[in-house]
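Student: Quick one: the structure is below, and I'll ask about it shortly.
We did not get these values from a lab; they are worked out from the coordinates using the rules stated. Remember, predicted model here, so these are calculated numbers, not experimental data. Every residue, glycine among them, receives a Cβ derived from its backbone with ideal geometry; neighbour counts consider all protein chains shown.
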Amino acid sequence: MIILRLIELGMKKLVDFLEEEKNLLKEGFKHVRRCLETRTCRESKAFTISTRLLMLHEELKELAVEIIARYQPVASNLRFIVSSMEVSYDLYRVSRYLAEIERLLRLSQNVHCNYSSIIKLYDIVEQMIYKAVSVFLEKKAEEAKDVVETDNTIDRAYVENIEGIVRVQKISACDALKLLISRHLERIGDHATYIANSAVYVVTGRRPETGET
């Protein structure tokens, strides 16, 4: 019982780490959305947040390895601890994509584009990430499919963007920027799916196949 209690305390610390990472990511999403709305991005806030998230990921990973080595958890507890490391890395990768969008906007401040269609996709993937983290932390495996279905919508929008450019056989600076940004958003959606599917793994012990949840 003492060992189990120590494992639970360690897992609570992992949850706290992931909550902190999610809250940092919220700041990054807010900043980059403002950049898209104003079409200006004068500070590298998303990059700074990404650097901090990497540090948190390394701290979480050290804690997770210590819990496994000292207390030898099994079954769903072990799966949760291992998956926490994976989810933490997913959140870091999301922050890197936000930093890349920020960098694109900083490099193209003299190009005046209407990002309204991009902002719609942006808002969807942002909510996907929050939903996926909640699904994982609350172990609501049955809700993972909602995230996967939304990701399919993002994938379709990305493909349609490419097909539209191919049809006209020309690409403007704005088209190029929107395509690059939508690719980053598509990847963020993928990471949301990975996080949600981690909940399925924790609860069932089985990792969903691609396209299955």
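Student: Hey, in the GNM for the chain with a 10 angstrom Cα cutoff, which one of Glu43, Glu86, Glu143 fluctuates hardest?
Tutor: Glu43
Student: Using DSSP to call loops (not H, G, I, E or B), can you name the trypsin sites (Lys or Arg not before Pro) in region 1-73 whose Cβ has at most 12 other Cβ atoms within 10 angstrom?
Tutor: Listed in order of number, the matching sites are Arg42.
Student: Hey, what did the chain get for relative contact order, percent, Cα under 8 Å, at least 6 apart?
Tutor: 26 percent
Student: Using label points projected 7 Å from each Cα along Cα→Cβ, tell me how many nm separate Val166 and Thr153, to one decimal.
Tutor: About 2.4 nm separates the two model spin labels.
Student: Another question, then. In Å, what Rg and Dmax follow from the Cα atoms of region 47-140?
Tutor: 17.3, 56
Student: Across bins of 5 angstrom width beginning at 0, how are the C-alpha pair distances of region 2-70 distributed, in whole percent?
Tutor: 3, 16, 20, 17, 13, 10, 8, 6, 4, 2, 1, 0
Student: OK, next. From the mean inverse distance of alpha carbon pairs (Kirkwood) and the Cα radius of gyration, derive Rg over Rh for the chain.
Tutor: 1.04
Student: Still on this structure, please answer the following. On the first, second and third principal axes, largest extent first, how far apart are the outermost C-alpha atoms of region 100-199 in Å?
Tutor: 45, 29, 17
Student: Based only on other Cβ atoms within 10 Å, what is the fewest-to-most ordering of Val147, Val203, Val159?
Tutor: Arranged by neighbour count, lowest to highest, Val147, Val203, Val159 become Val159, Val203, Val147.
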